[in-house]
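Trainee: Pasting in a structure now, in structure tokens, and then I'll have a few things to ask.
Readers should treat all values here as calculations from the given coordinates under stated rules, not as data from a laboratory. Everything numeric here is computed off the predicted structure, so don't read it as measured data. In this analysis, Cβ positions are derived from the backbone assuming ideal geometry, glycine residues included, and neighbour counts consider all displayed protein chains.
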Amino acid sequence: MKPDLDPALGIPTVYLVDDEDVVRDGLAWLLRSRRMISEGFSSAEAFETWLQPRTSPSSAPWPSSPSCLLLDVRMPGMSGLVLFDRLVERGLPAVLPVIFLTGHGDVPTAVAAVKRGAFDFVEKPFSNNTLADRVEQALATSAAALRQRKAHQAVSRALAELTDRERDVMRLVIDGRPNKLIADALDISVRTVEVHRARVFEKMDVKSAVELANLLRDPPGSA
């Protein structure tokens, strides 16, 4: 599966965190051979320092384009596992799939990390084609998660544009009540209900009560 190159999602990026220069250089070359952009970090601390301002409460949601992280398990200082736990605390692995690079002795640890939400692990020495394929799959997973996030954000923006009365009408429309019963419940005319109902459908970009209910339950892109 090739990474999603939809211009609306931005250019996919692979982040490399490994303390060995030769490993990072080799991974960068491999990814370039598959036309993937990468950015390298020599330690978990360096990546976290770079990440901090991008995931602060005042910043825009990150990442904004399909991304994944190739992360060495064992490194001087902060280990890859500690960094992964901190990414989990930020809720990032869904949009930033993590592929661990591990030696044979670390396989059980990497398996445990996968159970906690890591995308996969690849044992050293690894097959270039296998690793590149998994990276492409991780980027596709990230792209799907970003589409879902954008869909939820679009629904939230649309809901924020509704007036209090439109929200009242919308709740009763979703309950399946006809206009007459909505009018009685809100003590307004049927014509007023029709106007509010039409505005709700327009703002939420739906054409029926069923579509509206489905949208609020399961925004587009969340499948």
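Trainee: Evaluate the distance, in nm, between pseudo-label points positioned 7 Å from the Cα of residue 58 and of residue 181 along their respective Cα→Cβ axes.
Mentor: Label at residue 58, label at residue 181, 5.0 nm between them.
Trainee: How big is the charge dipole of segment 5-75 about its Cα centre, in debye rounded to the nearest 20, if each Lys and Arg gets +1 on its Cβ and each Asp and Glu gets -1 on its Cβ?
Mentor: 340
Trainee: List, in order, the whole-Hz ³J(HN,Hα) value for each residue of segment 170-178 obtained from phi through the Karplus relation with A = 6.51, B = -1.76, C = 1.60 and θ = phi - 60°; use x for Gly and Pro.
Mentor: Per residue, the Karplus-derived 3J(HN,Hα) values read 4, 4, 6, 4, 5, 5, x, 7, x Hz.
Trainee: Another question about this same structure. Restricting attention to segment 1-78, which trypsin sites (Lys or Arg not before Pro) occupy a DSSP loop and are surrounded by at most 11 other Cβ atoms within 10 Å?
Mentor: Loop-located and lightly packed - 35.
Trainee: I'd like the distance separating the alpha-carbon centroids of segment 105-154 and segment 174-191, in whole Å.
Mentor: 49
Trainee: Okay, next question. I need the calculated FRET efficiency for the pair residue 127 and residue 20, taking r as the beta carbon distance and R₀ as 25 Å, to the nearest 0.05.
Mentor: With R0 = 25 Å, the Cβ-Cβ based efficiency is 0.85.
Trainee: Would you kindly state how much longer the chain becomes between residue 167 and residue 37 on full extension, computed as 0.36 nm times their sequence separation minus their alpha carbon distance, in nm to one decimal?
Mentor: Between residue 167 and residue 37, full extension yields 42.3 nm more.
Trainee: Using the charge dipole of segment 7-152 (Lys, Arg: +1 at Cβ; Asp, Glu: -1 at Cβ; taken about the Cα centre), state which of 88, 47, 58 has its Cα farthest towards the positive end.
Mentor: Highest projection toward the positive end goes to 58.
Trainee: May I ask you to evaluate 6.51 cos²θ - 1.76 cosθ + 1.60, the Karplus curve with θ = phi - 60°, for each residue of segment 107-123 and list the ³J(HN,Hα) values in order in whole Hz, giving x for glycine and proline?
Mentor: Once θ is set to phi - 60°, the couplings for segment 107-123 become 4, x, 5, 5, 4, 4, 5, 4, 5, 8, x, 5, 6, 5, 9, 10, 7 Hz.
Trainee: OK, next. Any idea what the dipole of segment 102-183 comes to, in debye rounded to 20, about its Cα centre with Lys/Arg Cβ at +1 and Asp/Glu Cβ at -1?
Mentor: With Lys and Arg at +1 and Asp and Glu at -1, about 360 debye.
Trainee: I need the phi-derived Karplus couplings for segment 194-206: 6.51 cos²θ - 1.76 cosθ + 1.60, θ = phi - 60°, integer Hz, Gly and Pro marked x.
Mentor: 4, 5, 5, 4, 5, 5, 4, 4, 5, 5, 8, 6, 10
Trainee: Quick check on the chain: helices-only [θ] at 222 nm, where DSSP H runs of length 4 and up contribute -39,500 (n - 2.57) each and the sum goes over total residues. Nearest 500, please.
Mentor: -16500 deg cm²/dmol
Trainee: Place a +1 charge on the Cβ of each Lys and Arg in the chain and a -1 charge on the Cβ of each Asp and Glu, then give the dipole magnitude about the Cα centre in debye, rounded to the nearest 20.
Mentor: Dipole of the chain, to the nearest 20 debye: 740 debye.
Trainee: While we're here: List the relative contact order of the chain as a percent without decimals, with contacts defined as Cα pairs under 8 Å and 6+ residues apart.
Mentor: Averaging sequence separation for qualifying contacts and normalising by length gives 18 percent for the chain.
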